[in-house]
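Have a look at the structure below before the remarks.
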Number of protein chains: 2
Amino acid sequence: MTDEPKPGTSWLADSLRQAGYKLTAPRLAVLRVLEAEGEHLSPAEVLERGRAIYPTLSRATVYRTLELLTGLGVIRPIYLGDGGPCFTYARGGHHHLVCSACGAVIEFNECVVGELAQTLSDQFGFQIKSHLLEFYGLCGDCQ
Amino acid sequence: MTDEPKPGTSWLADSLRQAGYKLTAPRLAVLRVLEAEGEHLSPAEVLERGRAIYPTLSRATVYRTLELLTGLGVIRPIYLGDGGPCFTYARGGHHHLVCSACGAVIEFNECVVGELAQTLSDQFGFQIKSHLLEFYGLCGDCQ
DNA sequence: CATTTAATTGAGACAAAATCTCAGTTAGAT
DNA sequence: ATCTAACTGAGATTTTGTCTCAATTAAATG
């Protein structure tokens, strides 16, 4: 075994493989970008960074792969500030304070939704994988 | 005093007026659409429905008005499923269960964030106006 | 009520983002 | 090694969002 992980052994890659999708070089490039950055990447950024890994990566493939991963529930599009959608892992929780005026995003860690998640899961027969909790308002500077 | 609107006046219109913006017919058409539907309207839908009220309403005006209201913190863009952004009131809380597979959105009412909101408000000097709590996963049909 | 003025508007050019098509390529099963 | 359905890139196309500018208008003022 080398120190380098084999291609296609990450959580994202495993998700694709287990769902029966092929692990192609263009897809692996997208996965590597998502795994390297992890948070808050727009499709355009994924394309740009992905081409550093796999130069002929096409925009269509980026969108297709993001859609695929979204459908599998392993990444999620979210909205931060005014900059269009970006993608983040759909694992665990994401917690933001978003300023309506300047668009600043503050992350916090308290998680108060665990019990509620269980209740909702039971109540609606919904299998919960992740959550997003955002507060909107005015940051200290903008008040 | 109270946020309860007087009869004949709307919360959105009052927000614009109090911020010093003119209450024009095109803007009122947009407000009426938002107030009639309230939730989850895309800019294209606002334009289409707005033109039923004010036929020459332009796309630019829709975007400008949505941006204005967003800047005032009275509506918020959110992403549901795979569609583009849609707008919803930035008042109180919005609580969704979103299915990663089929895009179904279930709303629920339990609110567990009140105490946390106060804590964060104190901790970050952030004035909180609304929140969004979404759970992602698989709905009963898609499991 | 008429005048004034700065905010607001629509139309359409423009730019950016996202989707679709299709012939060629490829991962992975056999 | 072969086969085949899944996948791909390139670029056309559509959709979405932004910008400009001359014309219009809300509302303050007299």
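The values are calculated or read from the model by the stated rules, or taken from the named source; none is laboratory data. Since this is a predicted model, take the numbers as computed values, not measurements. Every residue, glycine as well, gets a Cβ built from its backbone with ideal geometry; the counts of neighbours run over all protein chains shown. Heavy atoms of the whole protein, side chains included, go into the accessibility calculation; ligands, DNA and RNA do not. Shrake-Rupley method; radii C 1.70, N 1.55, O 1.52, S 1.80 Å.
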Any residue at all in segment A:110-126 that is in contact with a Ser or Thr (Cβ under 9 Å, 6 or more places away or on another chain), at the interface with chain B (Cβ under 8 Å from one of its Cβ atoms) and surrounded by fewer than 18 Cβ atoms within 10 Å (Cβ to Cβ)?
yes
So, first residue more than 16 Å from DNA strand D (Cβ to nearest atom) in segment B:84-96, second residue open to solvent by 30 Å² or more (accessible area, probe 1.4 Å) and in a loop (DSSP other than H, G, I, E, B), Cβ within less than 6 Å, six or more apart or across chains; the pairs are B:Gly93/B:Cys111
Within segment A:69-112, the residues that are out of contact with any Leu (no Cβ under 7 Å at 6 or more places or on another chain) and aliphatic (A, V, I, L, M) are A:Leu72, A:Leu80, A:Ala90, A:Ala104
Among helices (runs of 4 or more DSSP H) completely within segment B:32-138, the ones holding 3 or more residues that are within 24 Å of A:Arg91 (Cα to Cα) are B:114-124
Among the residues of segment A:75-109, the number that are at the interface with chain B (Cβ under 8 Å from one of its Cβ atoms) and buried (at least 17 other Cβ atoms within 10 Å of the Cβ) is 9
Checked segment A:46-77 for anything under 19 Å from B:Cys99 (Cα atoms) and among the charged types (D, E, K, R); matches are A:Arg64, A:Glu67, A:Arg76
By residue number, the members of segment B:49-61 that are more than 8 Å from DNA strand C (Cβ to nearest atom) and of a type in the set (A, V, I, L, M, F, W, C) are B:Ala52, B:Ile53
* Asked: Given the structure, is B:Leu72 more than 7 Å from chain A (Cβ to nearest Cβ), surrounded by 17 or more Cβ atoms within 10 Å (Cβ to Cβ) and under 28 Å from B:Tyr21 (Cβ atoms)?
  -> yes
Of the residues in segment A:127-141, those that are among the hydrophobic types (A, V, I, L, M, F, W, C) and surrounded by fewer than 20 Cβ atoms within 10 Å (Cβ to Cβ) come to A:Ile128, A:Leu138
Selection status of B:Ile75, among the aliphatic types (A, V, I, L, M) and either within 14 Å of DNA strand C (Cβ to nearest atom) or outside the structural domain of B:Ala25 (by TED's automatic domain parsing) (or both):
no
Counting only residues in segment B:31-69 that are within 9 Å of DNA strand D (Cβ to nearest atom) and surrounded by fewer than 17 Cβ atoms within 10 Å (Cβ to Cβ), the one farthest from the other protein chains (Cβ to nearest Cβ) is identified as B:Ser58
Filter segment A:17-30 for residues that are part of a helix (DSSP H, G or I) and open to solvent by 70 Å² or more (accessible area, probe 1.4 Å); the one that is nearest to DNA strand C (Cβ to nearest atom) is A:Arg17
Only one of B:Gly125, B:Gly140, B:Gly92, B:Gly81 is at positive phi and at pLDDT 85 or above, namely B:Gly125
In segment A:79-98, anything in contact with a strand residue (DSSP E or B) (Cβ under 6 Å, 6 or more places away or on another chain) and under 24 Å from A:Gly140 (Cα atoms) is listed as A:Tyr79, A:Leu80, A:His94, A:His95, A:His96, A:Leu97, A:Val98
